[in-house]
Amino acid sequence: MASISSNDDTMAEQLILKFSCQDQPGIVASVASLFSLQGFNIRESSQFEDIHTRQFFMRTVLESVEGPKKMADIKSAFSAVAKRYGMNWEIYDGAYKPRMVIAVSQWGHCLNALLNSWKQGSLPVEITGVISNHRDMQSLVEWYGLPYHYAPVTKDNKAEQEKQILQLIEDTKADFLVLARYMQILSDDLCKHVAGRAINIHHSFLPGFKGAKPYHQAYDRGVKLIGATAHYVTAELDEGPIIEQAVERVSHSQTPEQLVELGRDIEAVVLQRAVRWHAEHRVLLNGSKTVVFSP
């Protein structure tokens, strides 16, 4: 099944193809032959076979040697190969920067890291807006010249507040949502709307220490490593497919507050990597897991 990720009327010179299918002979050769006939060179290619499920995953960056080509023509030509192998596939214009909305609460370290990388041009996205249930981050966001949307939430207005999030995504034509320490549990309905296109940062090395105050949980257990996990959002809290994780060694002498402080740096790095890899179409879903063709 193909995903329409860009306007088919657009012209593209560089493509990013990613797909998965049941492993079988001839897949790579067929893909390479098809794009060679279409006038494309392969600039980068990564493959992986899950030996347990016999699923094959591939991401390829292609560049036209004949100038820009119409996306509709490219997809039409590739669809025959995709159908032959039963592929779940997507083709993207390599020049297009995915558009994202950021949701945040009162902690700004992950938000600031994303905004700084975006401003420097090292994060290949367009940020269409930031939405928050608090005003704490408003001055920071506006300093970067981005719109800030204040959407307070209570137990009585949660459904209406989530509609504002969805409306912002739709109005700004955002491709995905990033929860940069947004300290609200999304409803099942919102999770369904953003399935596969919402990334959360959890301040623990999942699957350990789910839920609230994971650093305090880690302190109580006397762990020697703490970490952070970026994952796709699902209706099951902190159970979504993991994109990236990192850890840092700690000691018995550190307090829960010190673990929180140390964890902030890990969280910012991990979320930034996950957002970049998602924006570069390096992440493919593999059931409850992911395949990540990191650079």
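Laboratory data are not the source of any read-out in this text; all were calculated from the coordinates shown. It should be emphasised that the depicted structure is a prediction, and the values quoted were computed from it without experimental measurement. Heads up, the Cβs are rebuilt from the backbone with ideal geometry, glycines too, and the neighbour counts pull from every protein chain shown.
With contributions of -39500 (n - 2.57) from each DSSP H run of at least four residues, the per-residue ellipticity at 222 nm computed over the chain stands at -10000 deg cm²/dmol. In this structure, the amide hydrogen of Gln106, modeled 1.01 Å from its nitrogen in the peptide plane, lies closer than 5 angstrom to those of Met183, counting only residues at least 5 positions away or on a different chain. Comparing Pro152, Pro214, Pro25 in a Gaussian network model of the chain (Cα springs below 10 Å), the most mobile by mean-square fluctuation is Pro25. Hey, what did the range 1-111 get for relative contact order, percent, Cα under 8 Å, at least 6 apart? Answer for the range 1-111 is 43 percent. Only helices reaching 24 angstrom along their own axis (Cα) with mean Kyte-Doolittle hydropathy no lower than -0.5 count here, and for the DSSP H runs of the chain these are 256-279. Measuring r between the beta carbons of Asp171 and Leu140 and using R0 = 22 Å, the FRET efficiency lands at 0.50. Computed from the C-beta positions of Glu44 and Glu13, the FRET efficiency with R₀ = 25 Å rounds to 0.95.
Figure legend: label point modelled 7 angstrom from the Cα of Arg54 along Cα→Cβ; residues of the range 18-42 with amide N under 15 Å from it are 21-27. Between the range 56-71 and the range 72-87, the alpha-carbon centres lie 13 Å apart. The range 251-277 and the range 187-225 have their alpha-carbon centroids 13 Å apart. With contacts taken as Cα pairs under 8 Å and at least 6 residues apart, the range 200-295 reaches a relative contact order of 27 percent.
The value of relative contact order for the range 99-292, using C-alpha pairs under 8 Å at least six residues apart, is 20 percent. As a quick test, which of the pairs Lys18/Lys75; Lys70/Lys192; Lys119/Lys163; Lys210/Lys289; Lys163/Lys210 have an alpha carbon distance above 23 angstrom in this structure? Pairs exceeding the cut-off: Lys70/Lys192; Lys119/Lys163; Lys163/Lys210.
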